[in-house]
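The values are calculated or read from the model by the stated rules, or taken from the named source; none is laboratory data. If you're wondering where the values come from, they're calculated on a predicted model, not measured in any experiment. Methodologically, a virtual Cβ is constructed for each residue, glycine included, from the backbone with ideal geometry; neighbour enumeration extends over all protein chains shown.
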Amino acid sequence: MEIKPSKKVISADDQQERLKIESWIVGFTDGEGCFSVSILKNKTSKSGWQIFPEFVITQGEKSISALKTCQTYFKCGRIFVNKRYDNHKENLYRYCIRSIFELEERVIPFFKKNHLRTYKKKDFDIFAEIVTMMSDRDHLNEKGFIEIAKLIETMNTKKKSRFLESSETKRQIK
């Protein structure tokens, strides 16, 4: 009687390949990725504002295959072209995941298991907290919205503008 190996068993080679791609995605994200959350005007929302989380990796046109590798791994997201009209010879491409569900089910568990090694780890931790709050629908009430806005202000600290300090925000959020 012949015993056939289970299809559920992952070979050592498959595990090594998976670990390689996961390590590569972490390093690539540390260098070229961004976890960001924006607050945008939106006339159709009750508050007039929308919270917009996204995971993005940007590359020049010559390296679009790297973005496609990430898209294939995560099985979600889209690749967008940012046409350039400056002195650069190639367009930029952005691999973006914006769906709360996909961020919560694919991206966040991936980076919780495979740790970032640069300052982006802090941004990721805040990003994950905001996405969880949004999944819990906290952003739909004023208290949760303001709490999220405060968290956003601690991310990507190179940003100069502060949402809660703008005169327009102070007029609309009271």
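Within the bounds of segment 90-113, is there any residue that is out of contact with any strand residue (DSSP E or B) (no Cβ under 8 Å at 6 or more places or on another chain), surrounded by fewer than 16 Cβ atoms within 10 Å (Cβ to Cβ) and at pLDDT below 95? Looking through segment 90-113, none of the residues is out of contact with any strand residue (DSSP E or B) (no Cβ under 8 Å at 6 or more places or on another chain), surrounded by fewer than 16 Cβ atoms within 10 Å (Cβ to Cβ) and at pLDDT below 95. Set side by side, the residues CYS70, CYS76 differ, and just one is more than 30 Å from GLU147 (Cα to Cα), surrounded by 15 or more Cβ atoms within 10 Å (Cβ to Cβ) and modelled with pLDDT of 95 or more, which is CYS70. PHE52 fulfils the conditions (1) assigned to a strand (DSSP E or B); (2) surrounded by 14 or more Cβ atoms within 10 Å (Cβ to Cβ) except for a single criterion, (2).
Keeping to segment 115-156, report how many residues are at pLDDT below 95 and aromatic (Phe, Trp, Tyr). Qualifying residue count, segment 115-156: 2.
Of the set (1) within 30 Å of LYS150 (Cβ to Cβ); (2) β-branched (Val, Ile, Thr); (3) touching a strand residue (DSSP E or B) at 6+ places or on another chain (Cβ under 6 Å); (4) at pLDDT 95 or above, all apply to ILE39 but (4). Those helices (runs of 4 or more DSSP H) of segment 60-153 in which 3 or more residues are more than 13 Å from the chain's Cα centre (by Cα) occupy 64-74, 120-135, 142-152.
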